[in-house]
Each structure stands twice: as C-alpha cells, then as structure tokens.
Amino acid sequence: MLRRVTLLLEVFAIILCIHGIYDKKVKLDMETIALCLLSLGVTEAVVYFGLNNLFTMCIYVFIVVYCIRKFQDSLVGSINSVLLMLIVLTMLQFAFVILASLIFPKNQELRMLTAGLLQTVSVLGLLPVIKLHKLRMMFRKRDKFINAVFCIVIIMVLMIVIEGKFEKQLNVTSFVFAVPMAVALVMLLNKWDAVKEEKEHVKNELSVTKSMQEEYDDLLTAVRLREHGFKNHITALQSMKLPKELEKEQEDYYNAMCEANKYNKLLFLGNRVVSGFLYRKFCEIENYGVITIYEARGCFADDVIAVYHLIEMLGILIDNAAEAQADIMENKRMRFLFHEEENYYWFKVLNPYPHVSYAEIESWFLLGNSGKGNERGLGLYYIKKLCKECNVDLACRNAVWEGENWIEFSIGIKKADKM
C-alpha cells in the first residue's frame, strides 16, 4: 500500500515538474489522466510479472508523447524537457532521500514515502519560484557550450537512474559525488547564460541608440530648416485681416502649415532614442494612410527600463494599431499619448475599434491567439512577457473619443525614485 502511494506521489511530481518547465498550470484533462494511468500501469506490470526495473524507463517515452500533444512541442524539444525534468527530480530525490534516511534508517517503505512526499511538496512550492521554463529556453538556444554541459549533466543523472533501476535502490555514494556536481554545473551554466544575455542587452542598446539617433538628427534638421519660416508664416497669418471669401483659404493654409510641423514637439520628449523611433514610426504608418494624432505632456528622462525594450513594446502596439485598420479604405487614425505623472510615465496607443468584452481582450494576450490570425497574438503575448520581466504596468480597455469607441493600450513605467 505504501509503495503505491509513493508511486502516485512520484507521478504527481513528474506532472507538476513538466508543467513548470513549460510554464503552464496543471489541468486535469484526458491527456494528464492518461499519463497517470499509464505510468501506474507500467510500474504495477513490472512488479506483477517480476520484470527488470529498466522497463519502467518507458514511462519517459509516454512523457515525451505527452509533451508533444499537450504543449505542441517538437520531438527534440520534448526530449530536452523530459531530460531537464529528470535532472530536477533526481536532484530533489537525492536531498530528500538522505533526509528521510536520517528519520527512518531501517524502514525503506516509510523512507521512500517520506522522500516522495517531500519531493512533491517541493515541486509544488519551489519550482514556480525558480522559473524552470527559463532553463528550458536556455537549452533551446542551441549554444555549443550549453549543450555540452547539458550532456554532461544528463549522462551523470542517467547513470544514477539506471544504476538505481538495476540495484532496485538508490546508491547514496553516487548521489554524494554526482548530484552536487550536476547542481554546480547547472548553476554555472545559468550564471554564464545570464552574463551572455547581459552582453546581448548592451549590444542591442547600443545598436538601437545609434539607429534612433540618426532618426532624431533627421527630425532635428527638418525642424530647424522649417522653424523660422513656420513662425513667420503663423505670425503673418494671425495679423492679416482678409475678406470673408478668403478666410477658408487662410484656414486651409494655416492647417497645412501645422500639419507640416506637427512632429516638432517630439524633440522635447526628453529621450532622443524614443523621439527618433516615434518620428520614424509615425512617418512609416503615414505611408499606409494612417493619420497620427499625438499628444506629449511631460518629459521622459528615466532609465528604469531598457530603451530598446520600450521601443519593442511601442513598435508592436503602433504596428497593431495600423494593421487593425488595414481593411479600411479611408479615415485611418491612430492616437499616441505620452503623459508624465507624479509617479508614472504613461505611453498610450489607441485605434478605432468596435466595443469588445473583457474576456476577448484577455484572449488577445494569449500565445498565438488573436482575431487577426494565428501569428497575430505573438506580439501582445511578447509585450505581456516583457512587461512582467521589466516590472512595467500594461493595460487594455475600451475608450470613447468624440462618441466613437477606440481600443486603448497603456504602458505605465514607474519612476525610479518612486519604486
């Protein structure tokens, strides 16, 4: 009886761990129930027919198939995820078997039950904190060094598991030497990847800064060339008193002058990189017939978030606002608002759109889920992921402008001195 309970706890730990690796919540659906029953059935069959414990290794084949069906992963990706799960659970088992051996030195069933219970509880509480899915993404980069270290760790863990299956018990000596070494290698790998990622961030930052500086310089040059003429024209128009039949032409000319100089205020946004990027994006979507209505109040001069991350977010939202009106032949519009408040900087992107429910808005941020195609949801999903990593507020709602419904996406960045 205790053996079956221990086995059930191990199956639960496997399911919890594999979901943690994919950063998904556990759902008791048909695939999950089938995996539980198959795992229990194989183990019971091995005991009943007196087969070699190595036959229980076929459970890992079931888990690979489960990953392919449940998480839509590839065969190679699923195998890597199962191997990562094996590493994690083996390390946890090592720690808790030693602890259980101190509590129940003579009773093996109670020892294994205690270790299984502690392992399941730790998987349930600890794994969401250490974010296993990041390790999975690290292994998917196909870096030679990462793959080499991963192979070393896998070989050590597999040797321990296979040895345990042959001897029908865990070899403490193997654990004492191999598992701490595996833990150290994984920690070293994680640190190395973090340093490499930081270097990539700096490289991206420099690249974006250089690129957007050129756009900012273009904007600055254009404004300077038009500045004196613009002021003189406005002064002349305001001082002239024309006959009524010419007032319409005067107003049209005034509007044309304002339209030609409408992006001048971007120079005072406070951040040259963001100003240059917005100038380029506004000009870009104008080529597709989208009129930009923008308002800037305040000055963005903070380094709370990496600028290239902010540019990624704003770029996706602006592109989405333009693409949402691709089928409209005329009167395409987008509103862009920047407001500085006491504690926050707010960037808002709006476009006309029929009123939608809160549930539908939530669905837009799911991976691959969107009303504009299977790939459309990747952008909003990525923004949500970036906002979570950068501690940035993200909101989406229906907003009414001049009696018309608009969809409003807001990015709120808390000021450095208010965090």
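The values are calculated or read from the model by the stated rules, or taken from the named source; none is laboratory data. From a predicted model like this one, the values you see are computed outputs, not experimental measurements. Ideal geometry is used to build each Cβ from the backbone, glycine not excepted, and the neighbour counts take in all protein chains shown. Note: accessible area is taken over every heavy atom of the protein model, side chains too, but ligands, DNA and RNA are not part of it. Shrake-Rupley method; radii C 1.70, N 1.55, O 1.52, S 1.80 Å.
Details
- Pairs with Cβ under 6 Å, 6+ apart, first in region 382-406 and in contact (Cβ under 8 Å) with a residue 40 or more places away in the chain, second loosely packed, with under 13 Cβ neighbours inside 10 Å: N398/H355; N405/H355
- For beta carbons closer than 6 Å, sequence separation of 6+ or different chains, a first residue in region 70-94 that is more than 13 Å from L132 (Cβ to Cβ) and among the basic types (K, R) and a second that is open to solvent by 40 Å² or more (accessible area, probe 1.4 Å) and at pLDDT 85 or above, the qualifying pairs are K70/E31.
- The conditions of being of a type outside the set (S, T, N, Q), open to solvent by 60 Å² or more (accessible area, probe 1.4 Å) and free of Cβ contacts under 8 Å to residues at least 60 places away in the same chain are not met by V42.
- Check on G41, at negative phi and touching a Pro at 6+ places or on another chain (Cβ under 8 Å): no
- Qualifying residue in region 299-311 (condition: at pLDDT below 90, among the small types (G, A, S) and either farther than 16 Å from A395 by Cα or open to solvent by less than 70 Å² (accessible area, probe 1.4 Å) (or both)): yes
- Identity of the residue in region 410-419, of a type outside the set (K, R), modelled with pLDDT under 90 and not in a loop (DSSP other than H, G, I, E, B), that ends up surrounded by the fewest Cβ atoms within 10 Å (Cβ to Cβ): D417
- Considering residues of region 334-355 that are assigned to a loop (DSSP other than H, G, I, E, B) and out of contact with any helix residue (DSSP H, G or I) (no Cβ under 7 Å at 6 or more places or on another chain) only, the residue least open to solvent (accessible area, probe 1.4 Å): Y353
- Only listed residue being open to solvent by less than 30 Å² (accessible area, probe 1.4 Å), touching an Asp or Glu at 6+ places or on another chain (Cβ under 9 Å) and in contact (Cβ under 8 Å) with a residue 12 or more places away in the chain, chosen from G276, G315: G276
- Some residue of region 17-29 being hydroxyl-bearing (S, T, Y) and over 23 Å from the mean Cα position of the chain (by Cα): no
- Within region 391-409, the residues that satisfy the criterion of being open to solvent by 30 Å² or more (accessible area, probe 1.4 Å) and under 24 Å from I311 (Cβ atoms) are N391, D393, L394, A395, R397.
- Evaluating K106 against the criteria (1) loosely packed, with under 14 Cβ neighbours inside 10 Å; (2) in a helix (DSSP H, G or I); (3) not acidic (D, E) leaves one unmet condition, (2).
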